[in-house]
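Here is the structure we will look at.
The values are calculated or read from the model by the stated rules, or taken from the named source; none is laboratory data. Keep in mind the model is a prediction, meaning the values are calculated, not measured. Counting neighbours? That spans all protein chains shown, and the Cβs are built from the backbone with ideal geometry, glycine included. Each accessible area value is taken on the protein alone, full model and side chains, heavy atoms only, with ligands, DNA and RNA left out. Shrake-Rupley method; radii C 1.70, N 1.55, O 1.52, S 1.80 Å.
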Amino acid sequence: MMIPRSRIVRTVLIAGATVLIAGVIYQGTASHSSAFAASGAKGKQVYVQTANVTAGMVKQTVSLSGIVVSRNTVDIVPTASGMIASINVHTGEHVTAGQVLAQLSDFTQLAQLQIAEGNLAAAKGKLAQIGLANSPQSIAIAQDNVTIAKARLQALQSGPSSSAVVQANTAVVNAEHNLAQLKQEQALIDSPHGTAAVAFQNASQVLTQIQTGQNPVSVAVENATQAVNDLESGTAPQNVALQNAQSSAATASTSVQTAQSDLTTVQSSSSPQGVQVANDQNALYQAQSNLSTLQSELAQATSSSTSSVSTLQSEVEAEQTTVSQDQAKLAEDQASWTNAISGAESQLSASEASAAQQSQANANNTALLQAQEQQSLQNAQGALATAKAQAAASLSNAQAAVASAQANNSSAQMQINAQVSQAQNALAVAQANRQALMAPSTSSSLTEAQAQVNTALQQLQALLHPANSGTLAAAQGNVQTVQGQVALAQTALQNMTLLAPISGVISQRYDSVGSLAGAQKPVFSMIGKTLEVQATLDQQQLGAIRPGDTVNFTLPSNPNQAEVGTVYSVSPTANVQTLSFTVTILPKGSVTGMAAGETAQAQIVTHTLPHALLIPTAAISMNHATPQVYVVENHRAVLKNITTGAVDGTMTQVTSGLSAGQQVVTMGQTFLASGDRVTVANNPSTSSAGA
C-alpha cells in the first residue's frame, strides 16, 4: 500500500521547519570551524536518531469509512392530520410497544364524538317514543276495548253477563295504569333529566365553552398564534439555535490563530528551545576552544616537568569529556526543538483541519437550521390556519348540535303529550263502555254499541298494522347510522394519539410542539437494538474483500478503542450514482457507546505478511517521486531509493532497497545531505559515530 498523501505533506512541513533549526545550528557552529578542523572533520556534522531495519509481521489492510445503522428502522407516520399538542419522548429514549409518543390536538375530534353521542341518545329516544305508541300494553288495551264493546252489544241484546262486567272493570284498571305510566314518562321528558333534555344541555355546554374560549379549540388557536409570533419575532427555540450556529464559526478561527501563533513562537530562535540550543552551541564552542587551548599547551609542555604534563593531560581528558557531554546535550536539545516544532505544526494542521470541518459543519448546520426555521414558521402558520378553521367548524357543529338537540327535545315533548292524550281517551272509552254495559237496552243504545264495536276494531287494527311502520323502520335505521358515526368519531379520536408500534429507541424526532403533522411525513423514526456498520467500498478494492474477513473499527466516541467485527456481506451491485459498493460489518458482541448514525473508521485485514522488512514510516522521505531513506554507513549518511509496500500503524514494509540490520535515520534527516557525517544521539550516553 502506498503512503498516504497526508503523510507526504506532513514530511514536507517538518522539513521546512527543521531547515530553520539547521540554519541556526549551522550558523552557530560555522563560526567555530577551526575547532572542527582540529579533529579532521570534512563537511558539516549532524546529530540524528536512528532505527534498525527489522523483519516482522505486517498486515495488508483496506481502510474504509462507514456509518452505524440499525437493521430495524420504523417511521411513525400519523394516520390523521393535526397540530402536535404534546411530545412525550426524546431522541435516544427507549420505548415499549404501545407507549404514547405524542398527542395531536384532538379538540375537534372530541367535539365530534360528543355531538355523535348526543345524536345517538336523541335517536334512541325518538325510537323509543315511536315504539311506545305500538307497545304490547297499548295493543292489549285495544283488544280489551274490542271485547268490552262486543260484550256491551251482546249485553244490550241479551243483558250483561258477569264475565263481561269483570272484563269491563279490568279494561278501566288497565287504561288507568297505562295513563299513569305515560304521565310519569311525560314528567321525565319535561324535566331537565330526560334523555333529550340532557342531550340539549350537553350540546349547549359545548357551544358555550367554544363561544367563551374555555375549550381546547380556543387554546389551540392561542398556542398557534403565540408560536407564529415567537418565530416572527426571533424568540423561538429555532431562532435561538440558528443564532448560536451563526456565532459559533468564530471559535474555530480563533483556535487556528492560536496554533499559528504557537508555531511562530516555537520556530523563533528566541523561543525557550531556540535559546537552549544557542546556549548549548556556545557551551560546546567554549568547551572545544578550551580543549584546543589545552591541547596546544600540552604540545608545548613536552620540555616541562612531568607533573605539569600529567596535569595538562588530566585537564585535556576532562575537557574532552565535557565536549562529549555538550555534544550529546546539543543533540538532545536539537531533537527537543524539532519535536516542539513538529508538535506545533501538527497542532496547526489539526486546528486547520478542524476549522475547515467545523466551518463546513457550521455552513451545513446553518443552512439546515435556516430551512428548519422557515419550515417551522410555515408549519406554525399552517397550524394557526388549521386551528382557526377547526375552531370555526367546531362552532358550526356545536350550533347545529344545539339546534338538533332542541328540536329533538321539542319533538319528544309533543309525542309524549299526544300519547298521554291518547291514553286519556282510551280511559274515557273504557269507562264509557263499562257504564254503557250497565245501562238498559234501547234502540239507540244498540246502534251506539254497534258503532263502538266498529270503532274498537278499527283502533285495534291500526295498532296491529300501524300506518307509521315506515317511520319506525326509519328511526331504527337512524339509530344504526348514528352508532356508526359514533364508532368513526371514536376511531378519529384514537388516531390523534401516536403510539410506538414496536419496542426500541427513538432515533429521530422531526417535529416539535406546535408543528402541523400529517400522513405525508413521519413525526418519529425508531430503530431496533441490532446495530451494524455499512461502509463504502471503491471498485478497485472490490476483489480484496470477502465475507468473513476480520475488521478492526473505531468510533468517534472512543477513537483509541479498536473494536473487532467481521465482514457480513458485500453488496452484489454498485450504487448507480457513486459507482461504489456497500460492505456490511457486524460487530463481535456488544459495543459500549455505539449508536446509529455515528461514523466509523474500519480497517479490513485482507492479507498477512509474516516475514516483511519493516522500518518506521517517519524515516521515509517523499521529496522525490521515489521514496528515499538515509542509511548510516561508516558514520556517514547515505541516501537510498527504496520501494514500499504495506503500511501497518507506524511501520512500513520495504520490498526493495534495504536489508535487515541496517540503520535508517528517523529524526534529523532534514538537516542531511548524502555524505554528511552524523552523530547518533538515540540517548544521552551514546558515543559520537563521527568522533
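May I ask you to rank His193, His611 by accessible area, largest first, using a 1.4 Å probe over the protein chains only?
His611, His193
Could you work out the Kirkwood radius for segment 160-296, taking every pair of different alpha carbons, averaging 1/r and inverting it, reported in Å?
27.0 Å
Assuming 0.890 mPa s and 25 °C, estimate D for segment 51-150 with Stokes-Einstein, Rh taken as the Kirkwood radius over Cα pairs, in µm²/s.
108 µm²/s
Please enumerate, by chain and number, the lysines with C-alpha under 23 Å from the C-alpha of Lys521, excluding those fewer than 8 residues away in the same chain.
Of all the lysines, those that pass the test against Lys521 - Cα under 23 Å, at least 8 places apart if same chain - are Lys388.
Residues of segment 497-522 with the amide nitrogen closer than 12 Å to a label point 7 Å from the Cα of Gln103, along Cα-to-Cβ, please.
497-498
Taking a probe of 1.4 Å, how large is the accessible area per residue of segment 297-446, in Å²?
Numbers: 7880 Å² over 150 residues.
Heavy-atom SASA per residue in segment 297-446 reads 53 Å².
Using Stokes-Einstein with the Kirkwood hydrodynamic radius over Cα pairs, what translational diffusion coefficient do you get for segment 529-633 at 10 °C and a viscosity of 1.306 mPa s, in µm²/s rounded to a whole number?
Here the translational diffusion coefficient equals 97 µm²/s.
Determine the share of segment 46-193's accessible area contributed by carbon and sulfur atoms, expressed in whole percent, with a 1.4 angstrom probe.
54 percent
Could you please state how large a percent of the accessible area of segment 419-536 is carbon and sulfur, counting protein chains only and using a 1.4 Å probe? Please report the intermediate quantities before stating the final value.
Numbers: 3350 of 6220 Å².
That fraction is 54 percent.
Please state the relative contact order of the chain as a whole percent: Cα pairs under 8 Å, 6+ residues apart?
Working: 1094 pairs, mean separation 243.2, N = 691.
It rounds to 35 percent for the chain.
Determine the calculated [θ] at 222 nm for the chain from helices alone, applying -39500 (n - 2.57) to every DSSP H run no shorter than 4 residues and normalising by the residue count; nearest 500 deg cm²/dmol.
Value at 222 nm, helices only, nearest 500: -20000 deg cm²/dmol.
Calculate the translational D of the chain in whole µm² s⁻¹ from Stokes-Einstein, where the hydrodynamic radius comes from the Kirkwood formula applied to all Cα pairs, the temperature is 25 °C and the viscosity 0.890 mPa s.
67 µm²/s
Can you give me the long-range amide H partners of Thr608? Hydrogens built in the peptide plane at 1.01 Å from N, cutoff under 5 Å, separation of 5 or more residues or another chain.
Hits under the 5 Å cutoff: Gln60.
For Ala392 and Ala462, compute 0.36 nm times the residue count separating them, minus their Cα-Cα distance, and round to one decimal in nm. Provide the component values of the computation, followed by the final result.
Details: separation 70, 0.36 × 70 = 25.20 nm, distance 4.79 nm.
So the extension gain works out to 20.4 nm.
Can you give the Rg and Dmax of segment 262-419 based on its C-alpha atoms, in angstrom?
Taking only Cα atoms of segment 262-419, I get Rg and Dmax of 47.4, 160 Å.
Using modelled amide H (1.01 Å from N, peptide plane; none on Pro or chain starts), what sits under 5 Å from the amide H of Ala574, excluding residues fewer than 5 places away?
none
Cα atoms only: what Rg and Dmax, in Å, come out for segment 382-428?
Gyration radius and largest Cα-Cα distance of segment 382-428: 20.2, 68 Å.
For Ser507, what residues show an amide H to amide H distance below 5 Å, using hydrogens built from the backbone and excluding near sequence neighbours?
The answer is Gly92, Ser525, Met526, Ile527.
So how tilted is helix 237-247 from the main axis of the chain? Cα-based, degrees 0 to 90, rounded to 10.
10 degrees
When we measure straight from the Cα of Lys126, which lysines land under 21 angstrom away, once same-chain ones fewer than 8 places off are left out?
Cross-link targets: Lys183.
From Cα pairs below 8 angstrom and at least 6 apart in sequence, can you work out the relative contact order of segment 473-610, rounded to a whole percent?
Reported as a whole number, the value is 22 percent.
With N residues in segment 579-660, what two-decimal value do you get for its Cα radius of gyration over 2.2 N^0.38 Å?
Numbers: Rg = 18.9 Å, N = 82, 2.2 N^0.38 = 11.7 Å.
Working it through for segment 579-660, the quotient is 1.61.
Would you mind getting the accessible area per residue of segment 535-691, heavy atoms of the protein chains only, 1.4 Å probe, in Å²?
50 Å²
Sorted by accessible area with a 1.4 angstrom probe, largest first, how do Glu319, Glu448 fall?
Glu448, Glu319
When averaged across all projection directions, what area in nm² does the alpha-carbon convex hull of segment 390-548 cover?
21.9 nm²
Using θ = phi - 60° and the Karplus curve 6.51 cos²θ - 1.76 cosθ + 1.60, what whole-Hz ³J(HN,Hα) does each residue of segment 208-219 get, with Gly and Pro shown as x?
Calculated HN-Hα couplings, in order: 4, 4, 5, 5, 9, x, 9, 10, x, 4, 5, 4 Hz.
Which lysines does Lys588 reach when only Cα atoms under 21 Å apart count, and residues fewer than 8 places away in its own chain are ignored?
Lys59, Lys529
Among 358-367, 652-661, how do they line up by average Cβ neighbours within 10 Å per residue, starting with the highest?
652-661, 358-367
Counting only Cα, what are the radius of gyration and maximum Cα-Cα distance Dmax of segment 568-609, in Å?
Cα-based Rg and Dmax for segment 568-609 come out at 13.4, 36 Å.
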